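See below for the structure under consideration.
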Amino acid sequence: MIFNVHADVKKTDLEYLELLYLVAQKGEGAFNLKHFQGFDFLVRDWTQTREFGQSGGFRHLERIIQRLEESGTNKQVLRILREKRPCCHLMPFPGDRLLWSQQGTMQEMNEQFQHCLKEYINHIVQVLQTIQSTVTGKTLAEIFKEVAHVILTSTYRISSPAELIHALNKLTLRHVKQEFTILLNEQRMIMHNTTQGMRRTVELKEAELKARVQGEVSQQDFQKLLEILGSERETFLKEYTLLITREKQEFANFLNEQRRFMPDPTQGMRRTVEQKEFELLSHVQDEVSQQDFQELSEILDSQRETFLKEYTLLIIKRAMQEFTNFLHEQRSIMPDPTQGMRRTVEQKEVELLSHVQGEVSQQDCTSADKGTTVHCADG
């Protein structure tokens with residue numbers, strides 16, 4: 001592919017190069033990136049220096065690359081020139097004789113022009129020998145139609161390559177934003193699984209999309225994209241952080257279920273509740289902010305202690321009532337001293353204390369001792 005330009009490789013020429021490359025990136029038909037495997041700049045009527053041909057063109061292309069690096073503009077073009085390293089050939093003015101000639105023969109060309117022309121033709125021959133396929137006239141016509149179709153079907157009013165490049169960049173940004181939105185919607189479907197490492201997943205995708213377009217669009221568009229993706233990320237993570245509300249509700253439901261088992265102190269209620277609390281907290285650790293995690297931890301602690309106070313009061317009341325009932329039963333058989341009453345009562349006392357041991361604090365046990373005839377002995 002030869003970019004045949006007059007006098008110099010101008011900004012507009014670079015814009016056309018960028019335009020074709022962007023169209024090739026999006027093309028799946030006749031025109032695609034394989035046509036950018038190699039291309040040349042052929043500069044006609046070069047007058048800026050006395051250097052001509054491929055050697056002069058090489059130094060001129062290096063100056064163009066340096067100028068683009070310093071200006072920070074046309075980053076897409078700069079990347080193309082760095083990666084593809086095209087050849088640049090500087091052709092001198094062919095001479096007045098050829099300009100006014102009716103035949104246009106080699107003899108009418110200046111000697112310098114003849115030399116550069118032969119050098120360029122030899123270069124083209126060498127390139128053609130390495131090419132595995134050719135483009136026919138029919139295929140070339142399809143390429144023209146394809147490029148024209150991109151321009152004509154654009155929703156923007158295009159009057160220059162720069163405007164079309166801007167329009168294509170806008171399209172790229174829209175696709176990037178759509179891709180990020182799709183990812184977030186997919187993650188919303190698996191929010192119930194906190195092991196997905198949601199925050200890390202979202203931030204990695206955001207970084208990938210930013211890296212993809214950095215240098216491909218203007219700094220202003222890139223900055224706007226950063227703001228949009230950042231805003232969507234935070235909005236999503238706020239929704240995701242609401243999973244702590246679900247964890248709070250799950251713990252509350254769990255405690256309500258445990259209340260059905262309260263009369264049976266052998267359930268090891270304190271240990272059961274603490275294990276459930278630990279499990280729920282481990283689900284969301286690293287998934288929400290430290291502040292949200294601390295808040296959830298405090299709420300679950302409060303729910304746990306409130307529940308255990310209810311549980312403690314209930315099992316103490318139950319133990320005291322059962323012991324009272326037992327003593328009433330024993331009173332009915334008091335006349336029979338063979339029953340070994342002291343031993344029977346003390347055994348019942350030990351049995352009841354062993355049921356609640358570990359379920360209530362020492363203070364609660366002592367409190368019960370004051371309210372009844374139950375004696376809380378060591379062990």
Exercise. For residues that are part of a helix (DSSP H, G or I) and under 25 Å from Arg212 (Cβ atoms), tally how many sit in region 34-69.
Key: 6
Quiz item: Which of the residues that make up region 58-67 are in contact (Cβ under 8 Å) with a residue 24 or more places away in the chain and under 24 Å from Ala24 (Cα atoms)?
Solution: Leu61, Ile64
Quiz item: Taking the condition open to solvent by 80 Å² or more (accessible area, probe 1.4 Å), under 38 Å from the mean Cα position of the chain (by Cα) and not β-branched (Val, Ile, Thr), does Glu70 pass?
Solution: yes
Practice problem: Only residues that are aliphatic (A, V, I, L, M), part of a helix (DSSP H, G or I) and either surrounded by 17 or more Cβ atoms within 10 Å (Cβ to Cβ) or on the phi > 0 side of the Ramachandran plot (or both): list them for region 77-127, please. | Solution: Val77, Leu78, Ile80, Leu81, Leu98, Leu117
Practice problem: Check region 11-32 and report whether any residue there is open to solvent by 60 Å² or more (accessible area, probe 1.4 Å) and in contact with a strand residue (DSSP E or B) (Cβ under 7 Å, 6 or more places away or on another chain). | Solution: no
Exercise. List the number of the failed condition for Arg157; all other conditions in (1) modelled with pLDDT of 65 or more; (2) open to solvent by 80 Å² or more (accessible area, probe 1.4 Å) hold.
Key: (1)
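Listed here are the residues, each with its yes/no results for (1) in contact with a strand residue (DSSP E or B) (Cβ under 7 Å, 6 or more places away or on another chain); (2) among the basic types (Lys, Arg); (3) open to solvent by 10 Å² or more (accessible area, probe 1.4 Å); (4) at pLDDT below 75.
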{"position": "Leu184", "(1), (2), (3), (4)": "no, no, no, yes"}
{"position": "Arg200", "(1), (2), (3), (4)": "no, yes, yes, no"}
{"position": "Ser218", "(1), (2), (3), (4)": "no, no, yes, yes"}
{"position": "Gln249", "(1), (2), (3), (4)": "no, no, yes, yes"}
{"position": "Gln258", "(1), (2), (3), (4)": "no, no, yes, yes"}
{"position": "Pro263", "(1), (2), (3), (4)": "no, no, yes, yes"}
Practice problem: Go through region 278-379 and tell me which helices (runs of 4 or more DSSP H), entirely inside it, have 2 or more residues that are aliphatic (A, V, I, L, M) and at pLDDT 75 or above. | Solution: 290-331, 341-356
Quiz item: What residue, among those in region 225-247 that are within 17 Å of the chain's Cα centre (by Cα) and of a type in the set (Lys, Arg), is modelled with the highest pLDDT?
Solution: Arg233
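The values are calculated or read from the model by the stated rules, or taken from the named source; none is laboratory data. These numbers come from a predicted model, not from an experiment. Heads up, the Cβs are rebuilt from the backbone with ideal geometry, glycines too, and the neighbour counts pull from every protein chain shown. Remember, those area values only see protein heavy atoms, side chains included, never the ligands or the DNA or RNA. Shrake-Rupley method; radii C 1.70, N 1.55, O 1.52, S 1.80 Å.
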